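Inspection log for the structure reproduced underneath, given as structure tokens.
The values are calculated or read from the model by the stated rules, or taken from the named source; none is laboratory data. Note that the structure is a prediction, hence the values are computed from the model and not measured. When we count neighbours, we look across all protein chains shown, and the Cβ atoms used for this are built from the backbone with ideal geometry, even at glycine.
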Amino acid sequence: MKLIVLNMKVGILNMKVIVSNMKVRFKVLLKFVKFIWDIKDKIYVYIMENKQHIQLPNDLGDVDFIKPKDQLVYVAIKKFMNKDTKEAFPSLNTLHNITKLSINTIRDCIDRLIDSGFIEVRKEGRKNIYKFLKYDTYEPFSFKFLEKDDLSPEEKAYLIVSQKYMFKDNGEGKISYTNKELSKKINMPESTISRVNTSLVKKDYAMLLNCKNSSGVNIKEKWYHLNELEQAIVFTLQNHEERIQENTQAISNLEKENKILKDNYDKLLEEINKLKQKNQDFII
């Protein structure tokens, strides 16, 4: 009998230790949740105050008939988007001034964008009203990049469509694909890619480095100077937005874990009380 009582006392003591550890964990988790929530709010305010960029849906480039210049026109139209209505109504002349493409070319681009399902267009008098449809992931482009006068339409279109294939770090964007591989991905001829990169190197916006890929094949790695292209800041903003999403998910996970811990804590307290009662019964 004494042995049983002793074992029960040991069990109660062990449970008290477990409960004590759970209390400590509760406090740590709650502090972490508060820290994440505070950072989330600060980052959100920062983004809202500095969010001067245009979002290009990543999936738009996967549509077979969409050309690089179509995506340039998409970005140009979206520069004028009202953030509440998700609509824009720049004139064709305005789009021409931004893209330096001909009016007829812009019209063709708009037709393909409508067919792609990423924008809708309605007429109000002689004015086109463009409505942007929802998407999941995107590449950001700064207003300053779009307004750069020393980049040709072909160069801007190339940089816009190839950006999602860049590894971005410390103000640099690296592409390790060969021109042939990249050509298939961005729907642009190899010769055009080669010509554009040669031009970007001359303008000090890029450099080509001879190296070997993972298969041992000699390639020219393409490095783009994102700071000079006015693109580095938008990746900082994009990273902040992604962290907000990650932190929000982390908070949700912690809340679920806290609920599980609380339920287990309540069950342990109940078991301790039962053991205490049994212990008293044995003693009596």
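Among the residues of region 193-226, what is the count of those that are β-branched (Val, Ile, Thr) and at pLDDT 95 or above?
Count: 4.
Quick one: which strands (runs of 3 or more DSSP E) lie wholly within region 46-133 and hold at least 2 residues that are under 24 Å from residue 184 (Cβ atoms) and not small (Gly, Ala, Ser)?
53-57
Determine if region 135-142 includes at least one residue that is of a type in the set (Asp, Glu), assigned to a strand (DSSP E or B) and loosely packed, with under 14 Cβ neighbours inside 10 Å.
no
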